[in-house]
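The values are calculated or read from the model by the stated rules, or taken from the named source; none is laboratory data. Predicted, not measured: the structure shown is a model, and the values here were computed from it. Because the Cβ atoms are built from the backbone with ideal geometry, glycine has one as well, and the counts that use them run over all protein chains shown. For the accessible areas, the whole protein counts, side chains as well, though only heavy atoms, and no ligand, DNA or RNA atoms are used. Shrake-Rupley method; radii C 1.70, N 1.55, O 1.52, S 1.80 Å.
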Amino acid sequence: MTTYRQGQGYRIKLVTSDPDNAKVGQVWYNSTELKIKGKLSIPATWASGGNLGTARSALSGCGTQTAGLGFGGNAPPPTNNPVGLTEEYNGSSWSEQNDLNTARVGLGGAGTQTAGLAFAGRLAAPPSTFKDETEEYNGTSWSEQNNVGTARINCAGCGSQTAGLAFGGEAATGNVGVTEEYDGSSWSEQNDLGTARAVLAAAGTQTAAVGFGGYISGASALTEEYNGSSWTASNNMGTARYALAGSGTQTAALAFGGSPGGVTTTEQYDGTSWTTTTSMATGRRQLGSANASPSTASLAFGGATPSASNATEEFTGSSEPVRTFDVS
């Protein structure tokens, strides 16, 4: 390479094409494009999105940041009743759709905005019955399907409408590690989680999932990976918590929110260990997430702050783009 000197005396490299392995902070002049370019580092951020139409906690969700789906949950005072409300997010605002057939709180979710899956939950506060209903969403309405094998509340869910995964939660007997797979028609029981727990979060697919956090006798930082057959322990989260949310894949997951209190901490999982990234603006628990989103573009909505919230936040992961500098 030769050296190109600007009028102000700054030295940058003269190249005919952009470097393949440019480092953050590196600047060069591309003589083919006649542009000064450089590689930047942009940190991860949480930004406000459009509010849910109805504030609620203990809801579920699926989809992506620009095509999200939120459903069920607990309405705010004075009613405090379970709702079947369903809303779609288009990347900027929410619109109400047809309700779930069975209104409930603490339900699991998986899939996409046009092919969603809702399962389990509970009608109201104890001592009401735990639910085993499963419903599928087609982008317009919900239809009843075969029930999960174990009725429960606050289980984790991930995967798709035709290859869903449900695990953990609280049943009539207490916390369970029960894992079930859904094939688009019915559920089949698989090997249990290594540690039974409730109000945990999930990311990934039916054959490559990760479950993290949850409540045992207190907040947990445990992480386990599922390979389509059995669970294995992985490295713990940095912050023990329950009633949190997650998104992404088994090798690129995001964990955010939770309890005790209203946790703002956000952590990223690379398939081996967790690292802390930028915090949420508003700490909350029992929130919904677009769990099919990549970990670099997630969506958090609703939850308790401690009262039921309608707030939505969008996560954008850190990046190292090559940018053209305006020197005009």
In square nanometres and to one decimal, what's the mean projected area of the convex hull around the Cα atoms of the range 119-223? 6.7
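Between A172 and S230, what's the calculated FRET efficiency when r is the beta-carbon distance and R0 is 25 Å? Round to 0.05.
In this case the efficiency is close to 0.50.
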At A22 and E189, where each label point lies 7 Å from the Cα along Cα→Cβ, what is the point-to-point distance in nanometres? 5.7
Contact order relative to length of the range 109-257, as percent, for alpha carbon pairs under 8 angstrom and 6 or more apart: 16
Can you give me the Kirkwood hydrodynamic radius for the range 197-248, using every pair of distinct Cα atoms, in Å to one decimal? 10.9
Under Stokes-Einstein, with the Kirkwood radius over Cα pairs standing in for Rh, what whole-number D in µm²/s applies to the range 201-328 at 4 °C and 1.567 mPa s? 87
Order W28, W187 by their accessible area, 1.4 angstrom probe, all chains in place, largest first. W187, W28
How large is ³J(HN,Hα), in whole Hz, for each residue of the range 241-250 in order, when computed from phi with the Karplus curve 6.51 cos²θ - 1.76 cosθ + 1.60 and θ = phi - 60°, using x for Gly and Pro? 6, 9, 6, 9, 10, x, 7, x, 10, 5
Report, as a whole number in µm² per second, the diffusion coefficient that Stokes-Einstein gives for the range 70-148 at 4 °C and 1.567 mPa s using the Kirkwood radius over alpha carbon pairs. 101
Taking every alpha carbon pair in the range 282-326 and sorting the distances into 10 angstrom bins from 0 up to the bin holding the longest one, the percent per bin comes out as 26, 38, 21, 11, 4
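Relative to the compact-globule scaling 2.2 N^0.38 Å, provide the ratio for the alpha-carbon radius of gyration of the range 165-268.
Values: Rg = 12.9 Å, N = 104, 2.2 N^0.38 = 12.8 Å.
It is 1.00.
Could you work out the per residue convex hull volume over the alpha carbons of the range 106-180, in cubic angstrom?
Cα convex hull per residue, to the nearest whole number: 78 Å³.
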Over the chain, what is the relative contact order in percent, taking alpha-carbon pairs closer than 8 angstrom and at least six residues apart? 17
Report the relative contact order of the range 178-328, percent, no decimals, based on alpha-carbon pairs under 8 angstrom and at least 6 residues apart. 15
The range 3-124: Rg to Rh, with Rh as the Kirkwood radius over Cα pairs: 1.37
Hydrodynamic radius by Kirkwood, which averages 1/r over all alpha carbon pairs of the range 75-121, in angstrom: 11.9
Calculate, in nm to one decimal, what L123 and I12 gain on full extension: separation in residues at 0.36 nm each, minus their alpha carbon distance. 33.4 nm
D_trans [Stokes-Einstein, Kirkwood Rh over alpha-carbon pairs] for the range 13-71, 20 °C, 1.002 mPa s, µm² s⁻¹: 136
